[in-house]
Structures are given as C-alpha cells and as structure tokens.
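**Q** First the structure, which I've put down as structure tokens, then a few questions once you've had a look.
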Amino acid sequence: MAKRVQFAAVNASYSPSPSTPSPTLSLSSLPSSSDPPTPPVNPAPMFHPRSTFELKPSPLPSPPPDEMHIHFLLAFAPFGAPAVQYDITTPPTLLLGSQVSLEAFHEPATEPPLPSLSIICPNLLSPITVISGDVGYVTLSDVLHAIYHELRLPTNTAEYKSLLRDNTKDVDMAYYHRCRRSGDEARQLERGIKRVDFLMGKNRFFGLSGTLHGPDIWELNVA
C-alpha cells in the first residue's frame with residue numbers, strides 16, 4: 001500500500017536543537033476620484049498563466065518520508081501569532097538579529113530536508129518554486145527570499161483579466177497603497193501591478209501549512 005503523508009491537527013513543525021529564535025500605461029499621480037482607474041499591467045505573454053491545480057511536485061528522496069515537518073519559524077499556527085513578524089514586501093534580511101539569528105537563517109526549512117519545494121497560495125496563479133543552494137537542501141533563508149522575489153515580479157494583462165470581477169478593485173487598491181508608501185510613488189506607478197498586489201493588501205506572513213498535494217508542497221498563509 002502506498003505511503004501517505006500525515007498531518008497533525010496542528011501544523012507540524014520542528015525546532016532545531018540547540019538553536020533558539022533569539023497595467024503598460026504610465027501614471028504620474030494618483031487619481032482624484034474615489035474609484036481609481038485600472039492600473040497599468042504588462043503585456044500578455046504568448047501563453048496562459050498556470051493554475052495551482054497544475055502542480056507538479058519536485059523530486060523527493062526515495063523512499064519519500066512518512067511525515068514532513070516545517071521549521072518552527074515558518075510554521076502556520078492557526079490559533080496563535082506567527083513566530084516571526086514579517087511584512088513580505090520587505091527584504092527577509094531585515095529579520096536578521098532582531099527576530100532570526102544568522103544560524104537559524106541557514107537551517108533546513110523542513111525535517112527531513114528537501115532539495116526543493118513549492119509554495120502555493122489561493123491568491124496566486126502559479127506556485128512559488130524554492131530551489132536549494134550550495135548546501136543541497138532548502139533553508140529558511142531560501143524560502144523567505146523566494147517568496148519575497150516572486151511577489152516582486154510584475155503581472156501581465158492575461159493574469160489581471162483572470163481575476164474575478166469582485167477582486168479587481170481590491171487588487172487595484174492594494175497597488176495604489178503600495179505605491180504611496182514606497183517612497184518613490186511615481187516610479188512604482190509606472191512599473192504597474194506586481195504579484196504581491198494579488199494578495200489584496202494581506203502582506204503579513206502567517207506561516208506555511210501542509211497540503212494534500214505532497215510533502216514538498218506547502219501553502220502560504222497571509223493576513
């Protein structure tokens with residue numbers, strides 16, 4: 001009988017020992033109307049955006065593990081606060097020293113360690129792929145940097161048009177708000193909508209939770 005990944009009622013996490021956590025148009029200004037116009041997006045590519053239902057799990061060690069645990073600093077706690085207070089629109093290195101030690105930053109993101117993993121989110125049209133670096137396994141740093149860099153990528157017309165009509169206004173508002181607080185509003189307006197705007201203002205990292213797609217596929221929780 002094939003093995004199945006098991007998940008506890010609470011998201012399973014591990015704590016390393018002895019470490020502890022110590023649209024393309026140009027806009028120059030915001031519209032004066034309370035109902036902003038459609039923001040600029042990039043031209044549509046010659047393909048359709050992928051759906052999260054088309055996930056292809058990355059290679060796993062053989063045989064696959066019976067259980068997979070996520071690093072406690074990355075774990076989703078449905079009934080509590082996240083282990084780290086992180087705004088995913090900012091570089092992960094800002095966590096160093098104040099919330100995450102350099103040692104913890106380079107610890108395996110999962111136990112057992114994985115050479116790669118995928119992160120899905122209901123608001124994103126395609127998964128975030130995390131590939132290990134020189135150490136051969138995905139680290140906590142790899143995960144946070146992959147999320148940060150993926151969400152900074154621009155969207156395109158096809159992706160924007162794939163949104164439900166009720167969601168486009170929230171995405172537009174998230175875009176304008178991000179541009180206003182960026183410190184370089186005019187430049188950010190010209191660059192158009194980014195994937196992070198599809199989160200509709202939910203930029204607080206709330207951890208990763210296991211999925212039924214496989215032990216190397218995790219779901220991003222935001223608030």
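**Q** Hey, among S116, S98, S141, S162, which residue is over 12 Å from the mean Cα position of the chain (by Cα), closer than 19 Å to L73 by Cα, of a type in the set (S, T, N, Q) and at pLDDT below 95? Write out each step before concluding.
**A** On the way: S116 fails: at pLDDT below 95; S141 fails: at pLDDT below 95; S162 fails: closer than 19 Å to L73 by Cα.
Every option except S98 fails the conditions.
**Q** Please tell me if R204 is surrounded by fewer than 18 Cβ atoms within 10 Å (Cβ to Cβ), within 30 Å of M68 (Cα to Cα) and of a type outside the set (A, V, I, L, M). Write out each step before concluding.
**A** Values: surrounded by fewer than 18 Cβ atoms within 10 Å (Cβ to Cβ): yes; within 30 Å of M68 (Cα to Cα): yes; of a type outside the set (A, V, I, L, M): yes.
Yes.
**Q** Looking at E219, E159, which one is in contact with a Leu (Cβ under 9 Å, 6 or more places away or on another chain) and either surrounded by fewer than 19 Cβ atoms within 10 Å (Cβ to Cβ) or outside any helix (DSSP H, G or I) (or both)?
**A** Numbers: E159 fails: either surrounded by fewer than 19 Cβ atoms within 10 Å (Cβ to Cβ) or outside any helix (DSSP H, G or I) (or both).
Answer to the check: E219.
**Q** Return only the number of the condition from (1) of a type outside the set (G, A, S); (2) surrounded by 15 or more Cβ atoms within 10 Å (Cβ to Cβ); (3) over 20 Å from I193 (Cα atoms) that L102 does not satisfy.
**A** The single condition L102 does not satisfy is (2).
**Q** Of a type in the set (G, A, S) and in a strand (DSSP E or B), is that true of S182? Steps first, answer last, please.
**A** Working: of a type in the set (G, A, S): yes; in a strand (DSSP E or B): no.
No.
**Q** Which condition does D166 not pass, out of (1) acidic (D, E); (2) loosely packed, with under 15 Cβ neighbours inside 10 Å; (3) in contact with a helix residue (DSSP H, G or I) (Cβ under 6 Å, 6 or more places away or on another chain), if it passes all the others?
**A** Every listed condition holds for D166 apart from (3).
**Q** Just give me the residues in the range 145-159 being farther than 17 Å from K202 by Cα and acidic (D, E), in sequence order.
**A** E159
**Q** Any residue that is of a type in the set (G, A, S), closer than 28 Å to L102 by Cβ and at pLDDT below 95 - is there at least one of those in the range 183-194?
**A** yes
**Q** Can you tell me which residue is surrounded by the fewest Cβ atoms within 10 Å (Cβ to Cβ) among those in the range 137-156 that are polar (S, T, N, Q) and farther than 17 Å from L94 by Cα?
**A** Within the range 137-156, the first condition is being polar (S, T, N, Q), and the residues that meet it are 139, 141, 155-156.
Subsequent filtering for residues that are farther than 17 Å from L94 by Cα retains 155-156.
Working: T155: 25, N156: 19.
Within the range 137-156, the match that is surrounded by the fewest Cβ atoms within 10 Å (Cβ to Cβ) is N156.
The values are calculated or read from the model by the stated rules, or taken from the named source; none is laboratory data. Computed from a prediction, not measured in an experiment: that's the story for all the values here. FYI the Cβ positions are ideal-geometry reconstructions off the backbone, even for glycines, and counts take in every protein chain you see.
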